Number of protein chains: 2
Amino acid sequence: MEYFYVPNLNAKKGEVVIAGQEARHIAKVLRHKPGDEILGTNGRGDEFKMVIKNIQPERVLVNVFEKREGQREPQHKLTLAPAVLKGNKLSLVVEAVTELGVSEIAPFLSARVVGKMGAVKGQRLRAVAISGMKSALRTILPEIKPVVGIEGLIKKFSDFDQVVVAYEEERSKSLEQVLDTKVKSVLLIIGPEGGFTKEEAGWMREAGAVLFILGPRRLRAETAAVAATALCLSLLGDLK
Amino acid sequence: MEYFYVPNLNAKKGEVVIAGQEARHIAKVLRHKPGDEILGTNGRGDEFKMVIKNIQPERVLVNVFEKREGQREPQHKLTLAPAVLKGNKLSLVVEAVTELGVSEIAPFLSARVVGKMGAVKGQRLRAVAISGMKSALRTILPEIKPVVGIEGLIKKFSDFDQVVVAYEEERSKSLEQVLDTKVKSVLLIIGPEGGFTKEEAGWMREAGAVLFILGPRRLRAETAAVAATALCLSLLGDLK
């Protein structure tokens, strides 16, 4: 099954033009013909059934004949805040956690971050999120938030019912023990390769975050991000 | 903290020669000096403390003065059986699940597998497992088993207390609902991109496997492998 991302789809049924890359994909890669039925999402929660009326290389005219709410979205809002990582590691994380079901990705910088994040990386992450949404047949496109410092990250805490932080020096509790499964929204924070400083961990704890460990083995940041996202969604009942 | 893989370390304390790549890493990359204390594992469960006595570019002489059992290994034996995947996708899986704590990786071929697996890929996966073991500070090197067909995979079922298979058409149970957390050993099977055929799923079920779903979203095989491994280890109590 193929899913197309058409942000200009809205409540109105009827004729819609699909342009750009998705049009090329429909016309050239998948070689669809007029009369074919296709599925799409606007990335804002809705799923659409469309029939192709006319195909040009960069422009596909469709008739939208059915709209419904997406059936595969989690019941909870999970925002993943990963530290900025080197190279394409953040892309691997964004793709995997988008498939798993996060609502938002909020990259941040902290003392031990060695990666960089400019406009190009932000654009690339957005493209990766679109690809992850389509391949997972999701109807919500996770937003890639602008990168912030740790103070900016802490300011977001009040937007969530619970904030949990993977902290490798925290020797006491597992995610299962600390996650409140009755909440509606969770901010999950994963630090950089070198972890958080004691000071940073202290600031987050003072601001209301709960720290947890992902077991006794040392995990790379990208493994920790994907594993913790899967555990969170499972504990919240969103991987059933 | 750095961890070295020295397969020739055994029960005997005293002088040991570290050769090859690990020696180069100690001498040239980390620029250790005689008198430095280093940590190592033989990949068979033991951790060693050593002091460097003499350094040559390809040969480091150490004196082993302490041996103890590794403290970071899971209590359960989890074998991941991933379908062979295209390109370097299996490497990404092997690295992540080694860090998380699997005991063994048993790649297999089934009807919808499109990737290939030759001797070179097997060697590369072994190198990735070594790297994952070291970075996670583990003391057991997960074995990369020779690739088998689905019949060969089913023959292994009797070696495990429970066999669980991620199957995307299985609309009923989650891993949490089907995993028996009282078992000692689990075989976790993740199919190829296109999933298993109905016939293959039937064969595995008949041979005693339990099928489960990883939620309503469609996951790439590598995301499913890492997520399901994390969930299994967490449910077994091995991510505390």
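The values are calculated or read from the model by the stated rules, or taken from the named source; none is laboratory data. Here the structure is a predicted model, which is why all the values come from computation and not from measurement. Heads up, the Cβs are rebuilt from the backbone with ideal geometry, glycines too, and the neighbour counts pull from every protein chain shown.
Some observations on this one:
- Put simply, of A:PRO34, A:PRO57, A:PRO74 the only residue that is surrounded by 13 or more Cβ atoms within 10 Å (Cβ to Cβ) and not aliphatic (A, V, I, L, M) is A:PRO74.
- Some residue of the range B:86-93 being more than 14 Å from the chain's Cα centre (by Cα) and more than 12 Å from chain A (Cβ to nearest Cβ): yes
- Residue pairs whose Cβ atoms lie under 6 Å apart, sitting 6 or more positions apart in sequence or on different chains, and linking a residue in the range B:53-69 that is closer than 15 Å to B:ASP36 by Cβ to a partner that is β-branched (Val, Ile, Thr) and surrounded by 12 or more Cβ atoms within 10 Å (Cβ to Cβ), are B:VAL60/B:ILE18; B:VAL60/B:ILE26; B:LEU61/B:VAL17; B:VAL62/B:VAL16; B:VAL62/B:ILE52; B:ASN63/B:VAL51; B:VAL64/B:VAL16.
- Among the residues of the range B:1-14, just one is among the small types (Gly, Ala, Ser) and either in a strand (DSSP E or B) or in the same structural domain as B:SER131 (by TED's automatic domain parsing) (or both), namely B:GLY14.
- Residues of the range A:82-97 that turn out to be buried (at least 23 other Cβ atoms within 10 Å of the Cβ) and more than 16 Å from B:LEU92 (Cβ to Cβ), as a count: 2
- Whenever a residue of the range A:163-177 is touching a residue at least 40 places away in the same chain (Cβ under 8 Å), its partners that are part of a helix (DSSP H, G or I), lying with C-beta atoms within less than 6 angstrom and at least six residues away or across chains, give the pairs A:VAL163/A:PHE157; A:VAL165/A:MET204; A:ALA166/A:ALA224; A:ALA166/A:ALA228; A:TYR167/A:ALA201; A:LEU175/A:LEU231.
- Within the range A:1-34, tally of residues that are within 12 Å of A:VAL64 (Cα to Cα) and not polar (S, T, N, Q): 10
- Subset of the range B:83-97 [in contact with a strand residue (DSSP E or B) (Cβ under 8 Å, 6 or more places away or on another chain) and outside any strand (DSSP E or B)]: B:VAL84, B:LEU90, B:VAL93, B:VAL94, B:VAL97
- Test: residue in the range A:15-29 that is more than 21 Å from the chain's Cα centre (by Cα) and part of a loop (DSSP other than H, G, I, E, B): no
- Which numbered condition A:CYS232 fails, given (1) surrounded by fewer than 16 Cβ atoms within 10 Å (Cβ to Cβ); (2) in contact with a helix residue (DSSP H, G or I) (Cβ under 8 Å, 6 or more places away or on another chain): (1)
- Being at pLDDT 95 or above, more than 15 Å from the chain's Cα centre (by Cα) and basic (Lys, Arg) is a description that does not apply to B:ARG126.
- Considering (1) surrounded by 22 or more Cβ atoms within 10 Å (Cβ to Cβ); (2) outside the structural domain of A:GLU22 (by TED's automatic domain parsing); (3) of a type in the set (A, V, I, L, M, F, W, C), the lone condition that A:VAL62 does not fulfil carries the number (2).
- Qualifying positions in the range A:98-124 - under 24 Å from A:HIS25 (Cβ atoms) and surrounded by fewer than 21 Cβ atoms within 10 Å (Cβ to Cβ): A:VAL120, A:LYS121, A:GLY122, A:GLN123, A:ARG124
- Residue within the range A:103-126 that is within 14 Å of another protein chain (Cβ to nearest Cβ) and assigned to a helix (DSSP H, G or I) present: no
- Some residue of the range A:194-209 being surrounded by 23 or more Cβ atoms within 10 Å (Cβ to Cβ), at positive phi and in the same structural domain as A:ARG112 (by TED's automatic domain parsing): no
- In the range A:1-14, of all residues being surrounded by fewer than 19 Cβ atoms within 10 Å (Cβ to Cβ) and hydrophobic (A, V, I, L, M, F, W, C), the one that is nearest to the chain's Cα centre (by Cα) corresponds to A:MET1.
- Among helices (runs of 4 or more DSSP H) entirely within the range A:142-240, having at least 2 residues that are within 14 Å of another protein chain (Cβ to nearest Cβ) singles out A:175-178, A:221-235.
- Filtering the range A:129-141 to residues that are within 13 Å of chain B (Cβ to nearest Cβ) and either at pLDDT below 95 or assigned to a loop (DSSP other than H, G, I, E, B) (or both) leaves A:ALA136, A:LEU137, A:ARG138, A:THR139.
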